[in-house]
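Visitor: Below: one structure in structure tokens.
Values in this text are rule-based calculations from the coordinates and carry no lab data. Remember, predicted model here, so these are calculated numbers, not experimental data. Every residue, glycine as well, gets a Cβ built from its backbone with ideal geometry; the counts of neighbours run over all protein chains shown.
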Amino acid sequence: MERGARLDAQEAALDALLAVLGVEARTEPDERVAALDARAPGYAQYHRIGHKRQAAYRHLAEDRAAARTHYGPVLDALLADDDPSSPCWLAQVLLAAGGRRRLQEELVAAVEGGTPLRQACAVGAWRWADAPYGDLAERFRAARREAARHAADPWVRKRLTG
């Protein structure tokens, strides 16, 4: 899956989450961001996504009831985030809202039956889901191996096997 498509999916999931939360995330034009985007296309979108993720996180961290109410959209945003470290923010919200076991079950289910992007992002988010329950860790490993076996996209396969 191409990086641009992954960024588009991530931004769309964050936009949907922010919409249900009633939160607006603005980014002001910045010459430094524009200069970096000229050298590394996609940087401006990556930068904008970071602001949206932080706006959602700040709102949800302050309002645990909103995190519980909107658990699904938060999970959708988490499962569209392929960055190695940023899933920690939304994973923290989901851990507080639904507990460790629920989040781990959701991540296992995403690897078992999700789209290739959701599978790859679930693998990345697993490390932020706290110490795994033994039964879920084994299911996760088995689902990951099976998904990797069937992955047609090289980027997805690498994420599932890495």
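Visitor: Fully extended, how many nm does the chain gain between Ala137 and Thr69 (0.36 nm per residue separation, minus their Cα-Cα distance)?
Guide: Contour length minus the Cα-Cα distance gives 21.8 nm.
Visitor: Here's something else I'd like to know. Note the full-extension length gain between Arg102 and Asp15 as 0.36 nm times their separation in residues minus their Cα-Cα distance, in nm to one decimal.
Guide: Here the segment from Arg102 to Asp15 would lengthen by 28.9 nm.
Visitor: What do you get for chymotrypsin sites (Phe, Trp or Tyr not before Pro) in segment 15-75 restricted to DSSP loop and a cutoff of at most 15 other Cβ within 10 Å of the site's Cβ?
Guide: Within segment 15-75, no chymotrypsin sites (Phe, Trp or Tyr not before Pro) qualify (loop, at most 15 other Cβ atoms within 10 Å).
Visitor: Calculate, in whole percent, how much of the Cα-Cα pair population of the chain lies beyond 23 Å.
Guide: Numbers: 4976 of 13041 pairs.
The share of Cα pairs beyond 23 Å in the chain comes to 38 percent.
Visitor: Can I ask one more? DSSP loop (so not H, G, I, E, B), at most 14 other Cβ within 10 Å: list which GluC sites (Glu not before Pro) in segment 41-115 pass both filters.
Guide: Taking segment 41-115 and a limit of 14 other Cβ atoms within 10 Å, no loop GluC sites (Glu not before Pro) are found.
Visitor: Moving on. Asp37: net charge of surrounding residues, Cβ under 11 Å, Lys/Arg +1, Asp/Glu -1, itself excluded?
Guide: Values: positive: Arg32, Arg39, Arg48; negative: Asp30, Glu31.
Combined, the nearby Lys, Arg, Asp and Glu give +1.
Visitor: Work out the charge dipole of segment 1-138 with +1 on the Cβ of Lys and Arg and -1 on the Cβ of Asp and Glu about the Cα centre, then indicate which of Gly4, Ala109, Val33 is farthest towards its positive end.
Guide: Val33
Visitor: Please identify, among Ala152, Ala143, Ala25, the residue showing maximal mean-square fluctuation in a Gaussian network model of the chain using a 10 angstrom Cα cutoff.
Guide: Comparing Ala152, Ala143, Ala25 in a Gaussian network model of the chain, the most mobile one is Ala152.
Visitor: Normalised by the residues of segment 33-127, what does the relative contact order come to in percent, with Cα pairs under 8 Å and at least six apart? Can you show the working numbers first?
Guide: Details: 83 pairs, mean separation 23.8, N = 95.
Here the relative contact order equals 25 percent.
Visitor: Next question. Please compute the contact order of the chain in relative form: average sequence separation of alpha-carbon pairs under 8 Å and at least six residues apart, divided by the residue count, as a percent.
Guide: 21 percent.
Visitor: 222 nm [θ] for the chain, helices only, -39500 (n - 2.57) per DSSP H run of 4+, per residue, to 500?
Guide: Computed mean residue ellipticity for the chain: -24000 deg cm²/dmol.
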